[in-house]
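Please read the structure below before turning to the comments.
The values are calculated or read from the model by the stated rules, or taken from the named source; none is laboratory data. Keep in mind it's a predicted model, so treat the numbers as computed, not measured. All Cβ positions, glycine included, derive from the backbone under ideal geometry; neighbour counts span all protein chains shown. Accessible surface is based on the protein model in full, side chains and every heavy atom, while ligands, DNA and RNA are left aside. Shrake-Rupley method; radii C 1.70, N 1.55, O 1.52, S 1.80 Å.
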Amino acid sequence: MNDAQSSILSDHVDARIVTGDLDDAIADRNAIVQLDPDHPGFRDPAYRRRRNQIAQIATKYHPGDPIPDAPYTDEEHQVWAVIWKALGPAHQQHACREYLEALHRLEFSPDRIPQLRQVNEKVQAISGFRLEPVAGLVQPRVFLENLADGVFLCTQYIRHYSTPLYTPEPDVVHEIVGHGVTLACPRLAELNRLFGEAVKRTKSPEQLERLSRVYWFTIEFGVLRENGSLKAYGTGLLSSAGELEEMHQADLRPLDVETISHQAYDPTHFQPVLFGADSFDEMDQNLRTFLEGW
């Protein structure tokens, strides 16, 4: 393994893939995804059992019902604590003001994984968005169209203890620390709704691909200037201390949404190209105009 690969595996979050064709097995929001052989938890039967137990919550869940608490173990809470120890100072240094304000509203414990039920109650009271459990990744259009209805489909399991600062898929840390917090910001929550509505109006795979790229480079990996400093508002950045630090090494380009819609990306590495707005207001207005006119 070379140094670059080692860095990726030590502090990196592969955010949600929202573009391309995925296997029909994950088109159903309640399908339990089989772990790939290179997944850190593949050879750990105990982890796989706990993960499937947590995934089963989604298979029995009916939208609108109270969300059952996930049976996290002390070991899994320790994973959260390790991650939070890295993320706490990284947020203070690299996160935008709107994110920090929303984070304060949710009041996460530094040593206990928050239950989705509790986070959902707070987010819903702030922005009207509901967080609903799913067993694993869902088909991109299903995930994005749910945003139009104010629903974020959310996994509850946490990454394997052997790689606390790396996950090859969105886990509860990415979902809650990234998306959950930003959905507690009414303006960012509204942009998520507009993305969902735009997807519902999109018919061709090519157009969905373009729209998904905009989502990736804004909602997942968006940055902006704040008092002259580069700050993150994207969930893929905000759920990884390594991503937050690495964003300052990226090729930073102006926020031109049309250009973004044609920019390819690789979810398995730190992002070499990012698109930045000069302010939160500029980002909000540019994205809103683009999505409303889509």
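Using θ = phi - 60° and the Karplus form 6.51 cos²θ - 1.76 cosθ + 1.60, what ³J(HN,Hα) does each residue of region 119-135 get, whole Hz, x for Gly and Pro?
Computed from phi, the couplings for region 119-135 are 5, 4, 4, 6, 4, 4, 5, 8, 10, x, 6, 10, 9, 10, x, 10, 6 Hz.
For region 217-294, with all protein chains present and a 1.4 Å probe, just round the carbon and sulfur fraction of the accessible area to a whole percent.
In region 217-294, the share of accessible area belonging to carbon and sulfur is 45 percent.
Give me P(r) over region 220-294, computed from all C-alpha to C-alpha distances, binned every 10 Å, as integer percentages.
In order of increasing distance, the bins hold 18, 54, 25, 2 percent.
Which residues' amide hydrogens lie under 5 Å from the amide hydrogen of Trp294, considering only partners 5 or more residues apart or on another chain, with H built in the peptide plane?
none
Convert 10 °C to kelvin, take the viscosity as 1.306 mPa s, use the Kirkwood radius over C-alpha pairs of region 56-118 as Rh, and evaluate the Stokes-Einstein diffusion coefficient in µm²/s, rounded to a whole number.
Details: Rh = 13.6 Å.
Rounded to a whole number, D works out at 117 µm²/s.
Once phi is turned into ³J(HN,Hα) by the Karplus curve 6.51 cos²θ - 1.76 cosθ + 1.60 with θ = phi - 60°, what whole-Hz value does each residue of region 94-101 show in order, with x for glycine and proline?
Here the 3J(HN,Hα) series is 10, 8, 6, 4, 4, 5, 4, 5 Hz.
For labels at Arg117 and Gln207 in the simple 7 Å Cα→Cβ model, what's the distance in nm?
Reported label-point gap for Arg117 and Gln207 is 4.2 nm.
How large is ³J(HN,Hα) for each residue in region 277-284, as worked out from phi by the Karplus curve 6.51 cos²θ - 1.76 cosθ + 1.60 (θ = phi - 60°), to whole Hz, x for Gly and Pro?
For region 277-284, the Karplus curve yields 8, 7, 6, 4, 4, 5, 4, 4 Hz.
Across all directions of projection, what mean area in square nanometres is found for the Cα convex hull of the chain?
Numbers: hull surface 56.0 nm².
Over every viewing direction, the Cα hull of the chain projects on average to 14.0 nm².
With a 1.4 Å probe and all protein chains kept in place, how do Ser204, Ser239 rank by accessible area, largest first? Walk me through the numbers on the way to the answer.
Numbers: Ser204 40, Ser239 0 Å².
Largest accessible area first, the residues go Ser204, Ser239.
Residues with beta-carbon under 12 Å from that of Ala81, excluding Ala81: net charge, scoring Lys, Arg +1 and Asp, Glu -1? Spell out each step's value before the answer.
On the way: positive: Lys85, Arg112; negative: Asp74, Glu75, Glu76, Asp111.
Here the charged neighbours net out to -2.
Summing Lys, Arg as +1 and Asp, Glu as -1, what charge do residues with Cβ under 15 Å from the Cβ of Val123 carry, Val123 excluded? Before the final figure, lay out the partial values.
Working: positive: Arg105, Arg117, Lys122, Arg130, Arg187, Arg193; negative: Glu98, Glu101, Glu107, Glu121, Glu132, Asp149, Glu175, Glu190.
Residues near Val123 contribute -2 overall.
Expected output is a single nm value to one decimal: the length gained when fully extending between Gln92 and Ile126, i.e. 0.36 nm times separation in residues minus the C-alpha distance. What is it? Kindly include the intermediate steps, with their values, before the conclusion.
Details: separation 34, 0.36 × 34 = 12.24 nm, distance 2.22 nm.
So the extension gain works out to 10.0 nm.
With no solvent and one equal point scatterer per Cα, compute the Debye intensity ratio I(q)/I(0) for region 157-294 at 0.10, 0.13, 0.19 Å⁻¹ and report its log10, rounded to two decimals.
-0.32, -0.55, -1.18
Given the options Pro133, Pro71, Pro164, state which has the largest fluctuation in a GNM of the chain using a 10 Å cut-off (strictly under) for Cα springs.
Looking only at Pro133, Pro71, Pro164, the biggest GNM fluctuation is shown by Pro71.
Can you tell me the length gained on complete extension of the stretch Ser229 to Thr73, counting 0.36 nm per residue apart and subtracting the Cα distance? Working shown, then result.
Numbers: separation 156, 0.36 × 156 = 56.16 nm, distance 3.92 nm.
Here the answer is 52.2 nm.
Do any trypsin sites (Lys or Arg not before Pro) in region 172-281 lie in a loop, going by DSSP, with at most 14 other beta-carbon atoms within 10 Å of their beta carbon, and if so which? Working shown, then result.
On the way: sites: Arg187, Arg193, Lys200, Arg201, Lys203, Arg210, Arg213, Arg225, Lys231; in loops: Arg201, Lys203.
For trypsin sites (Lys or Arg not before Pro) across region 172-281 that sit outside H, G, I, E and B with at most 14 neighbouring Cβ atoms in 10 Å, the list reads Arg201, Lys203.
Asp149 versus Glu292, label points 7 Å from Cα toward the beta carbon: distance in nm?
Placing both labels 7 Å beyond Cα along the Cβ direction yields 2.5 nm.
Top mean-square fluctuation among Thr259, Thr218, Thr182, Gaussian network model of the chain, C-alpha springs under 10 Å?
Result for the chain, Cα springs under 10 Å: Thr259 fluctuates most.
With a sphere of radius 11 Å drawn around the Cβ of Asp278, what net charge do the other residues whose Cβ falls strictly inside it have (Lys, Arg +1; Asp, Glu -1)? Intermediate values should be presented prior to the final figure.
On the way: positive: Arg225; negative: Glu226, Asp281, Glu282.
For residues surrounding Asp278, the net value is -2.
Using the basic label-point model (7 angstrom from Cα toward the beta carbon), what is the Asp251 to Arg187 distance in nanometres?
So the two model labels end up 2.9 nm from each other.
Which of these, Pro267, Pro40, Pro205, has the largest mean-square fluctuation under a Gaussian network model of the chain (Cα springs below 10 Å)?
Pro205
Work out how much length Glu101 to Ala81 would gain on full extension: take 0.36 nm times their residue separation and subtract the Cα-Cα distance, in nm to one decimal.
Working: separation 20, 0.36 × 20 = 7.20 nm, distance 2.11 nm.
Between Glu101 and Ala81, full extension yields 5.1 nm more.
By what distance, in whole Å, do the Cα atoms of region 138-189 stretch along each of the three principal axes, largest value first?
On the principal axes, region 138-189 reaches 37, 25, 13 Å in Cα extent.
Skipping prolines and chain starts, which residues have an amide H placed within reach, meaning under 5 Å, of the one on Phe275, given they are 5 or more residues away or on another chain?
For Phe275, the qualifying residues are Val223, Arg253.
Please give the calculated 222 nm ellipticity per residue for the chain, where each DSSP H segment of at least 4 residues contributes -39500 (n - 2.57) and the sum is spread over every residue; nearest 500 deg cm²/dmol?
Values: 12 runs with 128 residues, N = 294.
One gets -13000 deg cm²/dmol as the mean residue ellipticity at 222 nm.
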